[in-house]
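Please read the structure below before turning to the comments.
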Amino acid sequence: MSAFRCGTVALAGRPNTGKSSLLNKMVGHKLAIVSPKAQTTRHSVNGILTTAACQYVFVDLPGYQTRHLNVLNRSLNRQATEGARDCDVVVFTVEATRFGDADREVLARIPAGQCVVAAVNKVDLVKHQMELLPFLEQLQKERDFAAIVPVSARSGRNLPELLRVLAGLLPEGPAAYPADKLTDRDERFFAAEILREKLFLLLGEELPYRCDVSLESFKEEGRLRRIEATIWIERESQKPIVIGAKGALLKRVSTAARKDMERLFGGKVYLGVWVKVKRDWTGDERLLRQLGYR
Ligand SMILES: Nc1nc2c(ncn2[C@@H]2O[C@H](COP(=O)(O)OP(=O)(O)OP(=O)(O)O)[C@@H](O)[C@H]2O)c(=O)[nH]1
Ligand SMILES: [Mg+2]
């Protein structure tokens with residue numbers, strides 16, 4: 001029997017290629033937040049999958065952003081670059097039949113010598129599979145990939161093959177975590193992330209990029225979790241938009257978040273949400289640090 005393998009697999013790529021969706025599908029739980037908007041992920045999150053032969057520690061990274069470089073995005077890009085360096089294998093995620101300068105730039109930032117597997121995601125959107133072949137051939141010329149695997153995070157297509165390829169590339173060694181451990185992030189982290197996901201899903205095109213979430217308190221009272229959270233915005237004029245007419249939008253956001261939290265935590269949640277201003281926080285290093293960014 002071959003030896004057990006264990007290692008870290010970072011998901012790197014430009015925004016919106018489906019890194020978080022892939023992590024969720026591979027570990028079988030929704031850990032990383034997902035939205036149709038670019039730059040949803042701001043905090044890397046681990047998802048651990050343990051099989052009989054291998055423990056994969058997947059690390060979802062922020063999408064590498066080549067435009068709109070404010071202080072926040074620079075911080076996210078640093079996280080993305082460091083994450084792709086400090087791992088055993090990189091899954092470079094691209095969208096099927098779409099490879100452009102932004103993808104190329106991400107690839108250029110992954111150190112030479114790093115083991116990189118290309119996951120060509122969203123193949124469910126490719127109508128004629130014949131279109132895929134020339135794309136794969138073209139992609140092959142971009143780097144010496146350890147493998148190129150067409151997949152779909154949505155349908156799950158070919159993910160067993162991706163897992164098989166990755167297992168062969170991870171170092172031999174004992175499991176780093178107990179077999180039933182799913183992530184090294186705690187419930188506080190997921191509570192804040194779930195609320196931020198709802199802002200991305202319900203707030204329109206621009207405002208999610210001006211919002212952040214922090215937790216004021218997280219108390220367990222028997223089976224009830226009592227959570228108080230703050231949504232930070234950049235200016236007072238954004239407050240009525242986030243709150244909505246008669247508080248309707250904030251209510252939708254917090255109800256959707258509470259339901260997801262109850263599902264993830266397996267128990268009742270009381271969620272109190274406040275909206276407050278941290279003036280121009282996306283451009284202010286000190287405020288970013290207060291919000292947990294480096
Ligand atoms: N059709 C299809 N859509 C997908 C697939 N994977 C992800 N998506 C969608 O693509 C969008 C972006 O997915 P995410 O998982 O948030 O992408 P990401 O790479 O983590 O994005 P950032 O965190 O912004 O860098 C969402 O609307 C997903 O539902 C797929 O395999 N097929
Ligand atoms: Mg993401």
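Some values worked out for this structure:
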| item | result |
| --- | --- |
| Charge-dipole axis of the chain as Lys and Arg at +1 and Asp and Glu at -1 on Cβ define it, positive-most pick from ILE33, THR93, ILE231 | ILE231 |
| Centroid-to-centroid separation of the range 32-50 and the range 81-104 [C-alpha atoms, Å] | 14 Å |
| ALA176/ARG154 FRET efficiency (R0 25 Å; Cβ-Cβ; nearest 0.05) | 0.25 |
| Ranking of VAL27, VAL91, VAL275 by count of other Cβ atoms within 10 Å, fewest first | VAL275, VAL27, VAL91 |
| Long-range HN-HN contacts of VAL275 with modeled amide H, under 5 Å | ILE231 |
| Förster radius 35 Å - calculated FRET efficiency between ARG286 and GLU221 (Cβ-Cβ, nearest 0.05) | 0.50 |
| Peptides 163-169, 243-249 ordered by average Cβ neighbours within 10 Å, highest first | 163-169, 243-249 |
| Relative contact order %, the range 5-169, counting alpha carbon pairs below 8 Å whose residues are six or more apart | 24 percent |
| Cα centre as origin, Lys/Arg/Asp/Glu Cβ charges: the chain dipole, Debye | 940 debye |
| Local electrostatic count, VAL117, Cβ distance below 12 Å [Lys/Arg +1, Asp/Glu -1] | -1 |
| Whether the range 147-189 is rounded, prolate or oblate, judged on the alpha carbon gyration tensor where a/c under 1.5 counts as rounded | oblate |
| Sorted by Cβ neighbour density within 10 Å, fewest at the top, the residues ASP180, ASP88, ASP124 | ASP180, ASP124, ASP88 |
| Protection proxy ranking, peptides 72-78, 20-26, average beta carbon neighbours within 10 Å, highest first | 20-26, 72-78 |
| Contact order normalised by residue count of the range 187-290, Cα under 8 Å, 6+ apart, percent | 30 percent |
| Above-threshold pairs, the threshold being 19 Å between Cα atoms, out of LYS239/LYS276; LYS181/LYS219; LYS30/LYS219; LYS239/LYS268; LYS37/LYS122 | LYS181/LYS219; LYS30/LYS219; LYS239/LYS268 |
| Residue order, fewest to most beta carbons within 10 Å, for MET130, MET261 | MET130, MET261 |
| 13 Å beta-carbon shell around LYS37, net charge (K/R +1, D/E -1) | +1 |
| Mean separation of Cα contacts under 8 Å (6+ apart) over length of the chain, as relative contact order % | 18 percent |
| Candidates GLY204, GLY47, GLY266, ranked by Gaussian network fluctuation over the chain, Cα under 10 Å, top entry | GLY266 |
| Neighbour count of at most 13 Cβ within 10 Å plus DSSP loop: longest GluC sites (Glu not before Pro)-free window in the chain | 1-204 |
| Globularity index of the range 5-169, i.e. its alpha-carbon radius of gyration over 2.2 N^0.38 Å | 0.95 |
| Rg to Rh quotient for the chain, alpha carbon positions, Kirkwood Rh | 0.98 |
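Every read-out reported here was derived from the displayed coordinates using simple, explicitly stated rules and does not represent laboratory data. What you are looking at is a predicted structure, and each value in this text was computed from that prediction instead of being measured. Cβ sites come from the backbone with ideal geometry, for glycine too, and all protein chains shown count toward neighbours.
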